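Working notes for the structure below.
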Amino acid sequence: MTDNTATSSPLSSSYTIAKFGGTSVADFASMEKCADIILDKKSTRVVVLSASSGITNLLIELAAGVEVAERKALLNKVRNIEYGIINKLANSEIISQEIDRLLENIEMLSEAAALATSDALTDELVSHGELMSTLLFVELLREKGVPADWFDVRKIMKTNDLFCRAEPDMIQLTELTQSLVQPRLEKSVIVTQGFIGQEPKGRTTTLGRGGSDYTAALIGEALGVSRVDIWTDVPGIYSTDPRIVPDAQRIDQIAFDEAAEMATFGAKILHPATLLPAVRSGIPVFVGSSKAPEQGGTLVCAQTDNPPVFRAIALRRKQTLLTLHSMKMLHARGFLAEIFTILSRHHISVDVITTSEVSIALTLDTTGITNSSSSLLTNALLTELSSLCRVEVEENLALVAVIGNDLSQTSGLGAKIFSALEHYNVRMISHGASPHNLCLLVNGDDADNIVRRLHSKLF
């Protein structure tokens, strides 16, 4: 049996890995700031990039299958974003040939999507965003005198064939990273793609939206680096989304447990799965702004001193409530097990659940669904559930999570929270399973106002 624990060399344990998000590589000026960070931080030896901002959404539209005129318009938008960067590079001739080849692939795949869409085709098409951004960034680094190598992450990120939300093979990832990436770190900076992988038959997969963070943490774990740096457009993690609450407070240090709750329940600064490899291996995660690295950021680490009762408020939109009702549940054994067996068979992950004598209410997260063909609630799933119970589906809901410490031991918690929500309908409440959160399922249209009211009351 192969051990999947990363065994780092003394060399790689002194290195850091940096991930730059879509806004950080949106255009040439943004990419230059990222390059300057790498020049300033000599310990950064692996760089993981997202696609340039806007590219992924354009590719998803193309993957949905569109008419000729719209297809040409979308392709032109993709080309204009890429050439806006290429035209400012000093040695643009060679790299433009590479990008043109990928643009031709995109056009060919989008024509195929117009005939028949599929999740496999979507992943193949969407992956081109990261392939292009990394090629351009390597060229920019070289122009600045940084010895940089482009690396196809699909050589190490082996996954299953669950397209659009593939799961990595941890054993293969560790072995391949240590054999193919680690020996190259001393001589060059390795630039690779986030978000994408490869299934056993060689087809391209994606890890789901936001998967670039996860990619960086997984590679960081496999190499045993000293830190994972997540560079985005916000200088750290805040008590809530500053776009909703402008006076939200930055958190300078936060424990893994708290940050994991925030990420899981919608804080966009980190992908929900990002912290799993970091927690396993005890690697700190730094979150800062590539636009203003001098402003510092947030360090996510094993524990902090004197953690507050209320740490943050997270919001996750696009939630679906599934209510299952059956008199067979009354004093029956095995009904819940049967329901969850069905959900597992259809690759459904349940977030929040409440039960009564004859009903189960559970939430499904649909924020990572990129097109209608990959809907979680398939006809096959609904048909199978309907054979056991009455099924009700509610959409346009949002999950608001109050994140903190020892919430289950805090007196007067309910009064503080619900006095702020007296004018709003709360569809579901979940509290007690974790000392770090209290979750409220609310109408999606009320979500921003609820976050503002709670933040004002608790902070």
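Okay, here's what the table says:
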{"quantity": "Positive minus negative residues near THR298 (Lys, Arg vs Asp, Glu; Cβ under 13 Å)", "calculated": "0"}
{"quantity": "Listed residues HIS347, HIS271 arranged by accessible area, highest first, probe 1.4 Å", "calculated": "HIS347, HIS271"}
{"quantity": "Segment 46-128: trypsin sites (Lys or Arg not before Pro) in DSSP coil with no more than 16 other Cβ atoms inside 10 Å", "calculated": "LYS88"}
{"quantity": "Gyration tensor (alpha-carbon) shape descriptor, segment 16-232, a/c threshold 1.5", "calculated": "oblate"}
{"quantity": "Loop trypsin sites (Lys or Arg not before Pro), segment 132-182 (other Cβ atoms within 10 Å of the site Cβ: 16 or fewer; DSSP)", "calculated": "LYS144"}
{"quantity": "Isotropically averaged projected area of the chain, using the convex hull of Cα atoms (one quarter of hull area), nm²", "calculated": "23.9"}
{"quantity": "222 nm mean residue ellipticity, helices alone, for the chain (DSSP H n ≥ 4; -39,500 (n - 2.57); rounded to 500)", "calculated": "-11000 deg cm²/dmol"}
{"quantity": "Helical segments meeting 20 Å axial Cα length and Kyte-Doolittle -1.0 threshold in the chain (DSSP H)", "calculated": "68-86, 92-115, 128-143"}
{"quantity": "Segment 34-74 versus segment 421-442: alpha-carbon centroid distance in Å", "calculated": "36"}
{"quantity": "Low-density loop positions, GluC sites (Glu not before Pro), segment 390-450 - DSSP coil, at most 15 other Cβ in 10 Å", "calculated": "GLU422"}
{"quantity": "Candidate aspartates and glutamates - alpha carbon under 17 Å from LYS88, same-chain residues fewer than 8 apart omitted", "calculated": "ASP27, GLU32, ASP36, GLU98, ASP100, GLU139, GLU143"}
{"quantity": "Fraction of accessible area attributable to carbon and sulfur, the chain (%, probe 1.4 Å)", "calculated": "49"}
{"quantity": "Residue-normalised accessible area of the chain, given per residue in Å² at a 1.4 Å probe", "calculated": "43"}
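The values are calculated or read from the model by the stated rules, or taken from the named source; none is laboratory data. These figures come from a predicted structure and were not determined experimentally. For neighbour counting, all protein chains shown are included, and Cβ atoms are generated from backbone atoms with ideal geometry for every residue, glycine included. Surface accessibility is based on the protein's heavy atoms, side chains included, excluding ligands, DNA and RNA. Shrake-Rupley method; radii C 1.70, N 1.55, O 1.52, S 1.80 Å.
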